[in-house]
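The values are calculated or read from the model by the stated rules, or taken from the named source; none is laboratory data. Please read all numbers here as calculations on a predicted model, not as lab measurements. Neighbour counts are summed over all protein chains in view; Cβ atoms, including those assigned to glycine, are modelled from backbone coordinates with ideal geometry. SASA here: full protein model, heavy atoms, side chains in, ligands and nucleic acids out. Shrake-Rupley method; radii C 1.70, N 1.55, O 1.52, S 1.80 Å.
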Amino acid sequence: MATYNGEKYLKQQLESILNQTYTDWDLYVSDDGSSDNTVKLLESYMYKDDRIKKILHNNKYHGAFNNFFNVMKYVKTSTDVNYDYYFYCDQDDIWVNTKMETEINILSKKATPCLCYSNLNFISEDGNDLQIKMSDYTNLDLSKNPYNIFFSYRYIWGTTIAHNRSLWDFVYIDNYTGKYNISHDNYLGKTAVLVGEVEYIKDPLVMYRRTGRNVSGTPGRYGKFGVIKRLVTKLPKIINQHAAVYWDNLYLLDELKVKNDFCDDLRTLIMNGGFDALKIIQKI
């Protein structure tokens, strides 16, 4: 779990974890320098439940991306337990009580690296069900086309993710997380499609709170003038983001332990594009 000034909603998320039908779990938290009572609340739960193992203080590189990589690095390098399954938790959502059990049932049947993710239900800031699913906005099932997963970064939300140990063994985290321009969910989705498989669960397993301050955006429908307005006001930011994603994609391909034809095709697409891209598309 990654937290930052999440006192207002954190209790509901923690309670939803405590109420899971699957009970054999450990929780590690990285806090990004909260100035409210977030850490005190976490410590109170840690005192009551010894499954909450560690509260880290992310002091070096800040921001949501690095906060998650901070706790991932700790679990990767500082724990003696070889966990079978891995989940990622935001501070302000609510998990359906069968979330972990549902995803473990899928992953337990996989011998190869596998990641699964689910649909979401929207809730209001005060926790009311808005009767809207994320799939009402867009097609979330990218599992049939690996290229869609690799080049998309908005449809596999971290709070819905679970993956097995086989995938975790491929996760590479270096000492320079401050350089990362890629979110943990984007990184995990890309890694899964490069070395294993991805499965989509159509049922919502997370109540996704919209506060107006969420790090993740929501896919939207824009008219012609809306698109023009967004391009004019956000084009510099969009260019910088895509440049960062370009280099992080190459970094991921370079650091991955396994090389295969799909990796080679992706490198060609990223480096060359154009007619090379058309040749690859024709192979699909």
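Being open to solvent by less than 40 Å² (accessible area, probe 1.4 Å), closer than 22 Å to residue 8 by Cα and either in contact with a strand residue (DSSP E or B) (Cβ under 6 Å, 6 or more places away or on another chain) or in a loop (DSSP other than H, G, I, E, B) (or both) is the requirement here; does residue 97 meet it? So residue 97 fails the test. Checking each residue in segment 26-38 for being crowded, with 16+ Cβ neighbours inside 10 Å and within 19 Å of residue 75 (Cα to Cα) picks out 27, 28, 29, 30, 31, 32. When the residues of segment 142-164 are narrowed to those that are open to solvent by 50 Å² or more (accessible area, probe 1.4 Å) and assigned to a loop (DSSP other than H, G, I, E, B), which ends up nearest to residue 106 (Cα to Cα)? Ranking the candidates gives 144 first. Does at least one position in segment 127-138 carry a residue that is farther than 28 Å from residue 8 by Cα, open to solvent by less than 10 Å² (accessible area, probe 1.4 Å), modelled with pLDDT under 95 and of a type in the set (A, V, I, L, M, F, W, C)? No, because not a single residue in segment 127-138 is farther than 28 Å from residue 8 by Cα, open to solvent by less than 10 Å² (accessible area, probe 1.4 Å), modelled with pLDDT under 95 and of a type in the set (A, V, I, L, M, F, W, C). The C-beta contact set for segment 183-206 (first residue touching a residue at least 60 places away in the same chain (Cβ under 8 Å) and over 24 Å from residue 136 (Cα atoms), second residue hydrophobic (A, V, I, L, M, F, W, C) and open to solvent by 30 Å² or more (accessible area, probe 1.4 Å), distance under 6 angstrom, 6+ apart or interchain) comprises 191/170; 195/170; 195/258.
May I ask you to list the residues in segment 39-76 that are closer than 17 Å to residue 7 by Cβ, assigned to a strand (DSSP E or B) and open to solvent by 60 Å² or more (accessible area, probe 1.4 Å)? Passing the criteria: only 57.
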